[in-house]
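The values are calculated or read from the model by the stated rules, or taken from the named source; none is laboratory data. As the structure is a computational prediction, the values presented were derived from the model and not from experiment. Cβ sites come from the backbone with ideal geometry, for glycine too, and all protein chains shown count toward neighbours. These area figures cover heavy atoms from the full protein model, side chains too; ligands, DNA and RNA do not enter into them. Shrake-Rupley method; radii C 1.70, N 1.55, O 1.52, S 1.80 Å.
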Amino acid sequence: DQQVKQNSPSLSVQEGRISILNCDYTNSMFDYFLWYKKYPAEGPTFLISISSIKDKNEDGRFTVFLNKSAKHLSLHIVPSQPGDSAVYFCAATGDAGKSTFGDGTTLTVKP
Amino acid sequence: GAGVSQTPSNKVTEKGKYVELRCDPISGHTALYWYRQSLGQGPEFLIYFQGTGAADDSGLPNDRFFAVRPEGSVSTLKIQRTERGDSAVYLCACSTGQTNSPLHFGNGTRLTVT
């Protein structure tokens, strides 16, 4: 049973518009959430994170929102740029130390 | 270099053979992780080291898989009697070991078992 789900395999947006990527989790023991970005033939790179004691964290064009009661988080990118085109992975951690990843959403930003 | 180095970048082997995949983490990063990624899926946890010891090996699929980190830096993932289903990208990651510190990934080793 997948504990972290990204239900949209792909998303396409126009340059300058907002991109919203979603993630759901089932394990209530997860208390820290991270987003990673991956380009082809490279490993994932850390983008932004949020603790379960917060509901929002912002870093430049990137904002992550957490709805703990719904076990849902989202990543907002605004304005979207062509260089943002990549696969985005949601990950969750608990006190065990390891991260559990979703299957990713491929974002395409069209010029 | 300052990043995580994984060698080889690509490995093709025949079914039944033994392979070793190497990871050279960022200097000073005490936590080291191995993940496996199949096409269209996210990274799947295999094993986690804190220093020299395996803190959690619950993700290793069976006893054909083994990993070591004898001096607390470089790690080797070893796969015996490879099967076609072992074909995947094997990712190594490290972190400072502090709670909730993000992972720094290498570019992975693409393993193909023919």
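Shown for the protein assembly as shown: cysteine residues without a partner Cβ closer than 4.7 Å, namely B:Cys94.
What does the average come to when, for each residue of peptide B:41-52, you count the partner chain Cβ atoms lying within 10 Å of its Cβ?
4
Ordering A:Ser28, A:Pro40, A:Leu107 by the projection of their Cα atoms onto the charge dipole of chain A, which places +1 on the Cβ of Lys and Arg and -1 on the Cβ of Asp and Glu, puts A:Leu107 at the extreme positive end. A simple spin-label model places the labels of A:Arg61 and A:Asn7 2.7 nm from each other, with each point 7 Å out along Cα-to-Cβ.
Shielding by partners for peptide B:95-107, expressed as the average number of C-beta atoms from other protein chains within 10 Å of each residue's C-beta, is 5. Taking each of A:Lys37/A:Lys98; A:Lys5/B:Lys15; A:Lys38/B:Lys11 in turn, the alpha-carbon distance tops 28 angstrom for A:Lys5/B:Lys15.
Note on the protein assembly as shown: percent of Cα-Cα distances in each 10 Å bin, starting at 0 and stopping at the bin with the largest distance, equals 8, 33, 35, 20, 5, 0. For the residues of A:35-43, the average number of beta carbons from a partner chain within 10 Å of their own beta carbon is 4. Relative to one another, the C-alpha centroids of segment A:55-87 and segment B:85-105 are positioned 22 Å apart.
Once B and A are treated as a pair rather than alone, how much accessible area drops out, both sides summed, in Å² to 100, probe 1.4 Å? The summed interface area works out to 1400 Å². Please compute, over every Cα-Cα pair in chain A, the percentage with a separation greater than 23 angstrom. When every Cα pair of chain A is considered, 22 percent fall beyond 23 Å.
Our Cα-only numbers for chain B put the radius of gyration and Dmax at 13.2, 40 Å.
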